[in-house]
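Every number in this text was worked out from the coordinates using simple rules, so none of it is lab data. If you're wondering where the values come from, they're calculated on a predicted model, not measured in any experiment. So basically every Cβ, Gly included, is an ideal-geometry build from the backbone, and we count neighbours across all protein chains shown.
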Amino acid sequence: MWKKIFAWLEERLGLNDLQKSLLERPEPKGNWWNTLGSASLFLFILQGFTGIFLTVYYTPSPDHAYDSVQYIMSGVAFGWLVRGIHHWGATLMVIVVFIHMLRVFATASFKYPRELTWIIGVGLLVATLGMGFTGYLLPWNQRAYWATTVGTQIAGTVPLIGEFILKTLRGGPDLSALTLQRFFAGHIWMLPLVLAGLIGAHLYLIIRHGESHWPKKED
Amino acid sequence: MAELSRRDFMKAAVYFIGGLVGVSVGLPSIAYLIDPALDGATKEAWIPIGKLADMTEINRPYPFSFTRVQVNGWERTATSHGGFVIRKSEDPNDLLIINSRCTHLACTVNWVEDERVFACPCHDASFDAQGAVLDGPPPRPLDRYAEFRVSEAGVLEIFYKEG
Ligand code: HEM
Ligand code: FES
C-alpha cells in the first residue's frame, strides 16, 4: 500500500534523484570546518522560525515596541525562550558565518571554479550583518536607540552622498517612527528575502561544484 | 538479534534526537501561540451606577453606563457597558436592571419612549420593556444584571462579572 503510494509519488516527483544529489552527494573526508556552512543555514532557518513567532506579539511602533517586548519576556508562555533563541542565535549566526568565511579563505576554496560562490558569500555576510543592524533597533530601548543613532551617523559620514544615505536609513533627518518601521520591514521582509535568494544560489553552486578538497602539501 | 550496523545506528540516533528536539521545541511553540487564549481570569466587581433616589418614576427605564479597563498584552483597552434600571414598584428592591447589549450581535439598544420598546439600530430588533424579544433576529431576551444592592449612601450597585 505505502509502497504503491510512494512509487506513484516518486514517478512524478523524482525525489530520489533530489535526495541523491542533495543529501547523498559525496563529500571529501569529513572535517568539522566544512560543517560551518550548514551550521549557518541551520541558524538562518532557526532565526526565521523564532522571528516569525516574535512577530505574533511584537509591535513596530514607538508607542508599543518596548512594551510589547516586555510582554513577550514576562507575559507570554515561553516568550523568554523564543526571544532568547532569536537574540543569541543572531550573535551566533554572525560568528558562524564569519568563521565559515575564514575557513573558505584558509583552504583557498574561493579559487576557480568557486569565485562566484565566494562573491555570493560576500553578499551573504553583508546581508547577515544587515540583519543584526536592523534587528538591534527593534526592542526600542535606550541601547537600541543610541546604537542606531550612532550606526546611521557613521553611514552619514560617506563623502557627498552621506547625508542622503543617513536620511534614507532613518526615513528623515532624525530617528523616528519611520526609522523603526523601515528597519522592521528590512529586518523581516527585505533582508530575509535577499538572504534566502543568495543562499539558494550559494547552495546551487556548491552542489554543482562539489566540496573542494582540503589543500595538500603540494597545493 | 540481527546486528545493528553503524549506519543504521546513526540513522536511529538521528531520528531519536531529532524527535526529542522536535517535541521540546514544538510544545513550547504551541504554548506560546495559544497563551492569550488560556488567560482564564474572570474579573468581578460591584459597580455603582447611580443614586436610587434619582430614579423615582415607576416603569421608566433610567439609562446608566460604566467603563471597564482591560489590559490586553501591552495595551489597555477601555470598553463601555450600559443598561437601564426600571423600578417595578415603590419597593426599593423591586428592580429590573437590563443590560443594553443586544443579544443578537452586541450592538447597544436604545429606549424608544413613544413605542415603549428597546430598539436595536443594527438589525432592527425590538424588545419590550421587560427585555423580551418582540421582533428581529435576537435569540433570547436582553440580559439582566440579576445581582444588585443599595449601599448605605443610597447608591445602587450592580455585580459585574467579566467573561
Ligand atoms: C548566511 C550565510 C552563509 C550560508 C548559509 C552558507 C552556506 C554554505 C554551505 C552549506 C556550504 C557547503 C558546506 C561548507 O563548505 O561549509 C558553503 C560553502 C561555501 N561558502 Fe558559504 N555560506 C554562507 C556565507 C558565506 C560567506 C560569508 C562566504 C565568503 C565570503 C562564503 C563562501 C563559501 C564558499 C567559497 C564555499 C565553497 C567551499 C568549498 O567548496 O570548499 N559563504 N556555504
Ligand atoms: S445586533 Fe441587535 S439586532 Fe443585530
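Using the Cβ-Cβ distance between A:N16 and B:T42 with R0 set to 51 Å, the FRET efficiency from 1/(1 + (r/R0)^6) comes to roughly 0.35.
The angle separating the long axis of helix A:142-155 from the principal Cα axis of greatest extent in chain A is about 80 degrees. Between B:L134 and B:S126, B:F127, B:D128, the built amide H atoms are under 5 Å apart, and every one of these is 5 or more places off in sequence or on another chain.
Over 25 Å apart at the Cα level, from the set A:K3/A:K29; B:K43/B:K88; A:K29/A:K111; A:K29/B:K11, are A:K3/A:K29; B:K43/B:K88. Against chain A, whose longest principal axis comes from its Cα atoms, helix A:2-13 is set at around 80 degrees. In order along the stretch A:81-98, the phi-based Karplus estimate (6.51 cos²θ - 1.76 cosθ + 1.60, θ = phi - 60°) of 3J(HN,Hα) comes to 6, 4, 5, x, 5, 5, 5, 6, x, 5, 4, 4, 5, 4, 5, 5, 4, 5 Hz; Gly and Pro are listed as x. Each residue of the stretch B:54-61 was assigned a 3J(HN,Hα) from its phi angle through the Karplus curve 6.51 cos²θ - 1.76 cosθ + 1.60 (θ = phi - 60°); the sequence is 7, 10, 9, 5, 8, 6, 10, x Hz, with glycine and proline shown as x.
Between the beta carbons of B:R140 and A:R208, assuming R0 = 56 Å, the FRET efficiency works out to 0.20 to the nearest 0.05. Peptide A:44-54 is shielded by partner chain Cβ atoms: per residue, an average of 1 of them sit within 10 Å of its Cβ. With a cut-off of 19 Å on the backbone N, the residues of the stretch A:164-207 near the modelled label site 7 Å out from A:I52 along Cα-Cβ are A:185-200.
Taking one quarter of the surface of the C-alpha convex hull of the stretch A:125-175 gives a mean projected area of 3.6 nm².
Once both axes come from the Cα atoms, what is the angle between helix B:6-34 and the longest principal axis of chain B, in degrees from 0 to 90, rounded to 10? Helix B:6-34 sits roughly 10 degrees off the main axis of chain B.
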